[in-house]
Amino acid sequence: MRESIERFCLVLSSVAAIVVAGIAINREFFQESSGSSPRGAKVGDWQSYVRDASSVGVGPVSMVVFSDYQCPSCGALDRNIESILEKGDRALRVSFRHYPLEQIHPAARGAAILAECAIPHGSFSQVHHLLFAMQDSIPFLEAEDVARMVGIADKETYTRCTADAKSHQQIDKDMEDGDRLRVTATPTILLNGRKYVGALSAVELDSLLRIVGR
């Protein structure tokens with residue numbers, strides 16, 4: 001009887017551990033299976049989430065993206081956004097915000113700092129896309145390597161920035177704004193005041209942009 005009880009407790013503990021792990025992983029992969037609402041949830045103060053320093057593109061349609069550089073779905077979304085911007089047939093301005101899920105992506109905050117420190121050098125966009133292109137290598141990337149790959153001239157200043165504790169302040173601010181927006185998974189998108197959760201496909205994104213751009 002005692003052995004049966006002990007065996008039952010062991011099984012129960014194992015199930016509990018699996019459930020906890022599943023909850024953590026779900027924060028990232030929820031968006032891949034659930035998709036986004038066709039209309040999106042309306043956000044009244046959405047313009048307060050726009051950040052000029054980390055924005056690319058020009059146009060009346062504004063998108064804010066909370067993402068994590070180690071999140072595969074964020075990488076997929078970034079490629080779709082880049083494709084649309086390259087075509088130039090959609091007047092779109094995109095503001096990128098950091099929301100590293102460090103519980104499952106321990107190198108994501110460091111990657112965000114690599115991108116953040118590139119802003120004064122006019123290289124945010126280049127580092128941003130480089131990080132998504134090299135997601136599997138992010139834990140091994142050094143500031144000197146990133147500076148060399150994107151052509152940052154003042155490598156010393158850039159490297160010093162990535163090691164400065166003050167560089168975490170903007171990441172923390174983005175996280176606070178994400179919490180205020182009730183971000184629960186990455187990527188989370190604001191498109192002209194409507195909130196979507198998940199990596200929108202190229203077709204879905206183009207369709208939404210066509211609607212809001214009217």
Measuring from label point to label point, each 7 Å out along Cα→Cβ, what is the residue 83 to residue 172 span in nm?
-> 3.9 nm
Neighbourhood net charge (11 Å Cβ-Cβ; Lys/Arg +1, Asp/Glu -1) for residue 43 = +4
If R0 is 22 Å, what FRET efficiency do you get for residue 165 and residue 144 from their C-beta distance, rounded to 0.05?
-> 0.70
Taking the Cβ of residue 129 as the centre, find all other residues whose Cβ is under 12 Å away and add up their charges (Lys, Arg: +1; Asp, Glu: -1).
-> -2
Which pairs in the list 42/87; 42/173; 87/195; 42/155 are over 31 Å apart, alpha-carbon to alpha-carbon?
-> 42/155
Candidates per trypsin sites (Lys or Arg not before Pro) in the range 119-187, loop by DSSP, up to 15 other Cβ within 10 Å | 182
Candidates per GluC sites (Glu not before Pro) in the range 127-189, loop by DSSP, up to 13 other Cβ within 10 Å | 142
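Values quoted throughout were computed directly from the atomic coordinates according to the rules given, and no laboratory measurement underlies them. Just so you know, these numbers come straight off a predicted model, no measurement behind them. Ideal geometry is used to build each Cβ from the backbone, glycine not excepted, and the neighbour counts take in all protein chains shown.
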